[in-house]
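What follows is a short report on a single structure.
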Amino acid sequence: MKFAEEKEFIREKPEVVINHLKSVKRETIAVNPMNLRLVTDTGSDSEKAILSVSNGYTKYYEVRKSFLIKLLRWYNFPVQIMNRLSTETVLSAANDFLLNIKSNTVLIKLENDEALTITGSSYTDLTDLDVLYLCKELGAENVSRNDFFLNLNSVNKFDVQPVPGDDCGFGFNIFNSETGFSSLRVSHFILRYICSNGATRAIKNGERKRLSHRNLSRSDALDYINKSVEEIEASKAELELNLCYLTMLDSDIIMETVNNKLTDILGKKETGILIREFRLNTERGVKDFDGTQYSLFNFITEKAKNYDINKRTLLEDLAGNIFLS
């Protein structure tokens, strides 16, 4: 199956992402789901998905992958098996889902005349550009973004050294999904400057862990972001101690939990390969493999950089919330 191409940013400067988002054409269509149908293009593009919208007259839009996956997840379709099915089978299921939507109105978000996502009528459109503007004064350093999410990081350099010469910075991470795949949330961000490994950890004891994109105003979002950043500053010392404490803990104590969590993201086979690599390097006494949880934490966040930004974000979140909670 083929989709309209998305624009992806990896650890880019905020200004670059802002300029891109300001340049794209945005439109949202309110339509009865009964008037929507997914079809295939013709000729050499017969594997390309097209959205037909009959809303007084019929228009056709190329489909981004985010649109189809959002629709399929509406009914918990196992999207991981999409590559095993024919284009006709997947689109047939998607069209059945459209016919079964109970609401009389859904929202189709278009970007440069391509179908980006489908959401319910109560969904609040807090865009990534909105979030970037809200965070402009907070000192964001880099932004990763695709059609599924925005991931924004800010750090204060050289806050602590868990081991001599290993400078780590602490700051905040802001995650948003304007296509409806996740809520707005703010968390701790940890960065090892020696190798640019990153990890995120949820704010502990916060009043609100995340904000749903329903009945959400921009003032609510700004208030949530500002209060969360304040909570991060207040709890940073505890996180620094947790990071240093990892250098004194045996990795075997937590290995089963790590294995299970990694399997959820990478699958059993790939997780097995990574765990064996870590254990072999530890047995051989390879530099930075001393058998501690700090070593395993660094191994996971280093490996995360080998994956696409979706899996990288999940692995960085996993590492922070397993080891630093």
(request) Scan the range 82-91 residue by residue and report those that are in a helix (DSSP H, G or I) and either surrounded by 13 or more Cβ atoms within 10 Å (Cβ to Cβ) or among the acidic types (D, E) (or both). (result) M82, T87, E88, V90, L91
(request) Residue by residue through the range 141-166, note down the ones that are in a loop (DSSP other than H, G, I, E, B), within 17 Å of H188 (Cβ to Cβ) and charged (D, E, K, R). (result) E141
(request) Considering only the range 1-81, give the strands (runs of 3 or more DSSP E) lying wholly within it that have at least 1 residues that are more than 30 Å from N306 (Cα to Cα) and free of Cβ contacts under 8 Å to residues at least 12 places away in the same chain. (result) 58-63
(message) Being polar (S, T, N, Q), out of contact with any Gly (no Cβ under 6 Å at 6 or more places or on another chain) and farther than 23 Å from G120 by Cβ narrows it down to one residue among S92, S23, S52; which is it?
(response) S23
(request) For D220, indicate whether it is closer than 30 Å to V163 by Cβ, among the acidic types (D, E) and not assigned by TED's automatic domain parsing to the domain that holds L68. (result) no
(request) Would you check which residues across the range 111-140 are part of a loop (DSSP other than H, G, I, E, B), within 30 Å of Y193 (Cα to Cα) and not hydrophobic (A, V, I, L, M, F, W, C) and list them? (result) G139
(request) Evaluate the range 34-44: report whether one residue or more is at pLDDT below 95, of a type in the set (D, E, K, R) and over 19 Å from N112 (Cα atoms). (result) no
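The values are calculated or read from the model by the stated rules, or taken from the named source; none is laboratory data. Please read these numbers as outputs of a predicted model, since none were measured by experiment. No Cβ is skipped: glycine too gets one built from the backbone with ideal geometry, and neighbour counts run over all protein chains shown.
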